[in-house]
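> Please read through the structure below; I'll follow up with questions.
The values are calculated or read from the model by the stated rules, or taken from the named source; none is laboratory data. As the structure is a prediction and not an experimental result, all values here were calculated from the model. In this analysis, Cβ positions are derived from the backbone assuming ideal geometry, glycine residues included, and neighbour counts consider all displayed protein chains.
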Amino acid sequence: MEEIKSDCIFCSIAKHKTPAIIEYEDETVIAFRDINPQAPIHVLIIPKKHIDNIESIKEEDNEILGQMFYAAKQVAQKLDVAENGFRLVINQGLHSGQVIKHLHMHLLGGKLLGPIA
């Protein structure tokens, strides 16, 4: 699982080389506050293993993906958005707005979120 990229900011955060406000961490995933929040609660959930995007997922990554959803549940409970609801978003590729080429899930909540266009 030690696959990282030296030029990837998310890999740097996962290795604790770049500071971040961490909301959850286990052996395979880490969740931290977005530096440009789009909602009162905006947390990024990433695998510690570098995976570029959904297209790069391998069958061996299934457990990591499950841990990402488990982390989302834990973060939502910790930050008190589980009861009223929250949104999980994964952007895939250029047209979706994916900026960082490291698979990540956005957890957004803390207010009534509008419809997705």
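One line per residue, one yes/no per condition, for (1) surrounded by 14 or more Cβ atoms within 10 Å (Cβ to Cβ); (2) part of a strand (DSSP E or B); (3) touching a residue at least 12 places away in the same chain (Cβ under 8 Å):
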site	(1), (2), (3)
Glu63	no, no, yes
Gln67	yes, no, yes
Ala71	yes, no, yes
His95	no, no, no
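> Could I ask something else about it? Would you pick out the residues in the range 1-37 that are closer than 19 Å to Leu88 by Cα and hydroxyl-bearing (Ser, Thr, Tyr)?
Tyr24, Thr28
> Working carefully through the options Val75, Val29, Val43, find the one that is touching a Pro at 6+ places or on another chain (Cβ under 7 Å), buried (at least 20 other Cβ atoms within 10 Å of the Cβ) and of a type outside the set (Asp, Glu).
Residue meeting the stated conditions: Val29.
> Check Leu103 against each of (1) under 21 Å from Asp7 (Cβ atoms); (2) surrounded by 20 or more Cβ atoms within 10 Å (Cβ to Cβ); (3) more than 11 Å from the chain's Cα centre (by Cα) and name the one condition it does not meet.
Result: Leu103 fails condition (3) only.
> Which condition number does Lys48 fail, the rest of (1) out of contact with any Asp or Glu (no Cβ under 8 Å at 6 or more places or on another chain); (2) surrounded by 15 or more Cβ atoms within 10 Å (Cβ to Cβ); (3) at pLDDT 95 or above being met?
Going through (1) out of contact with any Asp or Glu (no Cβ under 8 Å at 6 or more places or on another chain); (2) surrounded by 15 or more Cβ atoms within 10 Å (Cβ to Cβ); (3) at pLDDT 95 or above one by one, Lys48 breaks only (1).
> On the given criteria, is Leu88 within 23 Å of Leu112 (Cβ to Cβ) and not acidic (Asp, Glu)?
Numbers: within 23 Å of Leu112 (Cβ to Cβ): yes; not acidic (Asp, Glu): yes.
Answer is yes for this residue.
> Here are some residues: Ile30, Ile45, Ile51, Ile35. Which one is among the β-branched types (Val, Ile, Thr), in a loop (DSSP other than H, G, I, E, B) and closer than 13 Å to Leu103 by Cβ?
The conditions single out Ile51.
> Take the conditions polar (S, T, N, Q) and touching a Leu at 6+ places or on another chain (Cβ under 7 Å) and apply them to Gln67. Does it pass?
Spelling it out, it is not the case that Gln67 is polar (S, T, N, Q) and touching a Leu at 6+ places or on another chain (Cβ under 7 Å).
> Right, next: State all residues of the range 73-92 that are hydrophobic (A, V, I, L, M, F, W, C) and assigned to a loop (DSSP other than H, G, I, E, B); if no residue qualifies, say none.
Within the range 73-92, Leu79, Val81, Ala82, Ile90 qualify.
> Looking at this structure, is Gly66 under 14 Å from Pro40 (Cβ atoms) and out of contact with any Asp or Glu (no Cβ under 6 Å at 6 or more places or on another chain)?
No: the conditions fail for Gly66.
> Another question about this same structure. So Tyr24 ticks every box in (1) over 30 Å from Gly114 (Cβ atoms); (2) surrounded by 17 or more Cβ atoms within 10 Å (Cβ to Cβ); (3) of a type in the set (Ser, Thr, Tyr) but one. Which box is left unticked?
Failing condition for Tyr24: (1).
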